[in-house]
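Every number here is computed from the coordinates shown, using simple stated rules; none is lab data. Computed from a prediction, not measured in an experiment: that's the story for all the values here. Virtual Cβ from ideal backbone geometry, glycine too; neighbours counted across all protein chains shown.
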C-alpha cells in the first residue's frame, strides 16, 4: 500500500493538482468523485493492455501535513510491468528492455507514444503514452517505468489536460533521441470559491457490509478458492478518508499459469474464462475467470505469472454493483494466446501483445461517490 501511495502521488503530479484549499470549515463533497469520474475510470479498467491489478476512482485526500489542505489523486489503474524472463542484461539495459517491451505492447493495442525520459546514471528510463482522442472523457495518460505502469485521467472538475502529440519511437531517448519531460499545468480546476460547498458523501452501511455476507459465504465455499489457497476476506471498516478495500483475497500459487488455469478449469464450478492476454513471446500472461455470486454480484479471479514463470499471483475480487464493470462474456481458452502462443492472428508471426475478451475489474479500493447512495 505504501508503494501504491507513492505511485498515486507521483502520477497525479503529471496531470496537475487541485489548488490548495484553505479554510478547514469548507464542505468538500463536490471534490469527491462523481459519475463522470466512475465512467472515466471504467474506460481504463477495461483496457486490455492496461489490465490493472490495482484500480481506483479519482480520490480526494489531504495534501501535506495540514488537514485543511486537500488534493485530488487522479491515478485510476496500475500494475507491475511485464518483465521478460530472458532479460539478464545489466540493470542499465534491463530497464530499457522492460520499457521498450511495454511500449511495443501498448502501441500495438492502440496507445500512442508521446515521450520518454532517460537518466544516466542510474540508467532509469520511463515512457509516456496516451489514448487517442482529444476530449476530457477520452483522455488517459500512462506512465511506464521499469517496475510499474500507472494511468491517470482527468478529474470531473478539471478544465484542461495535457494532450501531448504522438511521437515516433526513434525520436525518443528510448532509441537514442532526446529525453522529454511531461508537461506541467494540466488539470487546472476551479478554486475553492468557484466550487459549491456540499456535504461529503458517506458510506450508507455498517461494516462488515451486511449485503456482502451471502456473496462472501458463497465465494469462500467455492472449491477453486481451496485449490488455489485463497482465503476470502471482507473489510471490517473503511480506512482514513473513508477508503474501502474491496472484498476478495490473494495467494501466490507455485507453478506455471498453465498449471493454475488447468486446476481452475478441471474443478466442477461456475467459473468461466473472460479475458486472456499475453505480452509478446515469453512475456507475462494474464487470465481472468468470472462467476456469479448472486444476481448483480459476481467475482473475478485474476491469474498472472511472474517473470520467473514459477509462481502465479492469484487474486479474487467481489464486484461492487454500479461501480465495477458489467460482467464479461465468456471466451475460449483454445482460441487465446494461452494455447496458441503470442502470435499475430494476421501474419502468424510473434506479436508484441495479443488478447481476447476484456478485463472486468472493479475498484480494489473506493471512496464514497458524490451524488449516490453508497453501499459496497
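What to note about this one:
- Cα gyration tensor, region 210-366 - rounded (a/c under 1.5), prolate or oblate: prolate
- Neighbour counts of other Cβ atoms within 10 Å put 267, 98 in the fewest-to-most order 267, 98.
- Centre-to-centre separation between the Cα atoms of region 122-181 and those of region 248-324: 29 Å.
- The length gained by stretching the chain between residue 251 and residue 335 to full extension, at 0.36 nm per residue less their Cα-Cα distance, is 27.5 nm.
- Ordering 337, 118 from the fewest to the most neighbouring beta carbons within 10 Å gives 118, 337.
- Residue 199 paired with residue 179, simple spin-label distance in nm, labels 7 Å along Cα-to-beta-carbon: 5.0 nm
- Under the simplified labelling scheme, the residue 262-residue 159 pair shows an inter-label distance of 6.1 nm, with each label point 7 Å from Cα along Cα→Cβ.
- Computed lengthening from residue 217 to residue 94, 0.36 nm per intervening residue step minus Cα-Cα distance: 39.8 nm
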